[in-house]
Amino acid sequence: MIVTMSSAVPVKVLVVDDSVLMQKLMTQIIDSAPGFKVIGVAGSAEEGWDAIQELRPDIVTLDLELPGRHGLKLLARVLKQDPLPVLIVSAFGGPGADNTIQALELGAIDFIEKPDGTTYTLEGFMKHLVAALQRASASRKMIAAARQMAQATAPARPVVPPREQPRAGKTSLIAIGASTGGVPAVQTVMRDLAHLRLPIMVVQHMPPGYTAKFAARLATATGLDVHEAVDGDRLRPGMAVVAPGGPRHLEIEERRGELVCVLKEGPLVSGHSPSVDVMFHSVARNVGGHAVGILLTGMGRDGADGLLAMRKAGAETLIQSGETCVVNGMPKAAFELGAADRVVPLGQIGAAVGQLVGERPGLRTA
C-alpha cells in the first residue's frame, strides 16, 4: 500500500522498504531533518514505481530486498527514465553488500547500511541517513545544473600555477580518486586503461566491507589483478589496488626502486578516510612526474589539493568533465585550483591517458 503524506518543503523523499518498522523509523528521521519531508512510502518495487510516477519525489530511498521484483530492477527502470537520486538503504553482509555494488554500478547515488543494534547503531544510522540525504539533495541540484551547463558556454580556465618540477618521461603509476557516483566511473576508466598494464591505485569513498567486493568486480571487468591494498604491497604492471574502507589512509612510497603501498591510521582528511588527498600527496612526493592523476565524480573537494600537488611535481593530471559527473564537486574544486592539465569526458579518459603515456592511436592491444 502506498501511504501519501503532505509535503511542505522542496526536497521530497519517497521511502521504498517492505518493513513497516523501517518505514516508520525512516519517516521519523527524515521528517525531523531540516529541509526534508517524506511524501510517501511503498512496500514493493511495483508500489515504488507507481509512487514515483504519482508523487514525483526529489529523492528515493530504496531497500534492495523487496517482495516480488528485486530492488535492482526498480533502480534500473527508474534511472533509465530519469536521473533521479536514489539512495540505497541496505542490510550489510551476505548478498546485500554485493547487491549494493551492483546498485552503485547502475547509478545509485549513495548507500548506507541498516542498523543491526551492535556494529551499526540506531544513533549512527540516523546520522548517516541525514548526511546521505544531504549529499543526495546536493547531487539533485548538480544534475539539474549539468543539464543547463551542457548548453552553456564553458567557464574560463583559471590561471594554472607553474610546475615546480618538469614532466618526466616514462609513466610508472596511475592514481585515481572518486566519491559519489564513482563506482561505475572508476570501472569505465580502469577498463579503458587495462591494456596499458600500468600499476593503478584507487581511492573510492566506501565504508569497510564494500571495497573488497568492489575490487573483485573491477578485476572481473578489467582482467587486471585488482584487490584491496595491503600494507607492504609492491605494485607491478597489470596490478591495481583499492584503498580499504575504514580508518587507514592509502599512501605510496618508493623503496629500493619499487613502489610500495602503505596503510596508515589517521584523522579524516578533507572529510574522509581513506582520503584521495592523502594518496595524491604521497604520489607527488614519491613518484613526481612519472605519475598520472585522475580525479572523478564526487561530493566536496577531496583530491583537489592533492591533484594540484601532483601537477606541481610534474605529473599529468586529468579531471572528469562536469557534464559527465554524477556530482561535479571534487573535479570542479580541482579545476578552480588550476590542478588539472585536462578536463575530459568520462568515456574519453582512457584514450587521453593512452596519448599521454605515448600510445599511438590504433596500436592498442588486448
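The values are calculated or read from the model by the stated rules, or taken from the named source; none is laboratory data. Small disclaimer: the values here were computed from a predicted structure and weren't measured. Positions of Cβ are generated from backbone atoms using ideal geometry, with glycine treated the same way; all protein chains shown enter the neighbour counts. These accessible areas exclude ligands, DNA and RNA; they are computed on the full protein's heavy atoms, side chains included. Shrake-Rupley method; radii C 1.70, N 1.55, O 1.52, S 1.80 Å.
Listed by first and then second residue, the pairs linking a residue in segment 296-318 that is under 14 Å from Arg285 (Cβ atoms) to a residue that is of a type in the set (Asp, Glu) and surrounded by fewer than 24 Cβ atoms within 10 Å (Cβ to Cβ), with Cβ atoms under 6 Å apart and 6 or more places separating them unless they lie on different chains, are Lys312/Glu164. Does Ser270 satisfy the criteria of being closer than 20 Å to Asn328 by Cα and modelled with pLDDT of 95 or more? Criteria not met by Ser270.
The residues on offer are Gln348, Gln355, and the sole one that is assigned to a helix (DSSP H, G or I), out of contact with any His (no Cβ under 7 Å at 6 or more places or on another chain), under 13 Å from Ala185 (Cα atoms) and without any contact (Cβ under 8 Å) to a residue 60 or more places away in the chain is Gln348.
Within segment 212-228, the residues that satisfy the criterion of being in contact with a helix residue (DSSP H, G or I) (Cβ under 7 Å, 6 or more places away or on another chain) and among the β-branched types (Val, Ile, Thr) are Thr222, Val226. Taking the residues in segment 100-123 that are farther than 20 Å from Val13 by Cβ and either out of contact with any helix residue (DSSP H, G or I) (no Cβ under 7 Å at 6 or more places or on another chain) or open to solvent by less than 20 Å² (accessible area, probe 1.4 Å) (or both) as candidates, determine which candidate is modelled with the lowest pLDDT. In this case the residue turns out to be Thr119. Given the criteria in a helix (DSSP H, G or I) and either modelled with pLDDT of 95 or more or of a type outside the set (Asp, Glu) (or both), does Ala212 qualify? Against the criterion (in a helix (DSSP H, G or I) and either modelled with pLDDT of 95 or more or of a type outside the set (Asp, Glu) (or both)), Ala212 qualifies.
Taking Ala175, is it in contact with a strand residue (DSSP E or B) (Cβ under 9 Å, 6 or more places away or on another chain) and in contact (Cβ under 8 Å) with a residue 60 or more places away in the chain? In short, yes.
In segment 322-335 there is at least one residue that is open to solvent by less than 50 Å² (accessible area, probe 1.4 Å) and in contact with a Cys (Cβ under 9 Å, 6 or more places away or on another chain).
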